[in-house]
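The values are calculated or read from the model by the stated rules, or taken from the named source; none is laboratory data. What you see is a predicted model; the values in this text were computed from it and never measured. Here the Cβ positions follow ideal geometry from the backbone for every residue, glycine too, while neighbour counts run over all protein chains shown. When the accessible area is computed, the model is the full protein with side chains, heavy atoms only, and any ligands, DNA or RNA have been set aside. Shrake-Rupley method; radii C 1.70, N 1.55, O 1.52, S 1.80 Å.
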Amino acid sequence: MKEQLGQIFRFGLVGAVNTGTFFGIYLLLHPWMPYFLAYTLAFLLAMVGSFFMNTYFTYRTRPTWKKFLLFPLTNVTNYVIQSAGLYALVTWAGMDTRIAPLVAAVVAIPFTFLLSRKILVPGGRKQAENAPAPGPTTSGKPRSSRV
């Protein structure tokens, strides 16, 4: 239980950093392209950062190519929820396109936590608690499956 609470706390910290990264990229792109394209590109770039922050910091597991390739699947639900929320907030509620992505992101947080944990820590809590710290193998050489 203590480890899970730690994961939730670290997930929140990573989420705050990732949201700031996403929002910064979005605001940089927003003047140069339609808001939804800027949103999508910012989302994709922030997702790569999120993968590494969540593997190393939140779940304290090794990043692998398999996890890296599966991680976007965890974000599909997040993207759908946020996209639908963004569209609804801008189109139906008339919310400013600079603020709506943040509001839509809040709704997706619980779903993202559960799905990312399932992908990044497939064996559940016991595997996360017993997993070795990220880093080189005992031979000093990195594993070939690491990202």
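Looking across region 99-120, the residues that are in a helix (DSSP H, G or I) and farther than 19 Å from R10 by Cα come down to A100, P101, L102, V103, A104. May I ask you to list the residues in region 1-32 that are touching a Gly at 6+ places or on another chain (Cβ under 9 Å) and over 20 Å from R117 (Cα atoms)? The answer is T21, F22. Applying the condition of being within 17 Å of F113 (Cβ to Cβ) and aromatic (F, W, Y) to region 53-70 and asking which residue is least open to solvent (accessible area, probe 1.4 Å) yields Y59.
Taking the numbered list (1) of a type in the set (V, I, T); (2) touching a residue at least 24 places away in the same chain (Cβ under 8 Å); (3) surrounded by 15 or more Cβ atoms within 10 Å (Cβ to Cβ) in turn, T40 passes all entries but (2).
Y35 - would you say it is hydroxyl-bearing (S, T, Y), open to solvent by 50 Å² or more (accessible area, probe 1.4 Å) and farther than 18 Å from V90 by Cα? Spelling it out, it is not the case that Y35 is hydroxyl-bearing (S, T, Y), open to solvent by 50 Å² or more (accessible area, probe 1.4 Å) and farther than 18 Å from V90 by Cα. All of L102, L45, L73 fail the test of being farther than 18 Å from L115 by Cα, among the aliphatic types (A, V, I, L, M), open to solvent by 40 Å² or more (accessible area, probe 1.4 Å) and at pLDDT below 90, apart from L102.
Taking (1) part of a loop (DSSP other than H, G, I, E, B); (2) at pLDDT 80 or above in turn, G135 satisfies each apart from (2).
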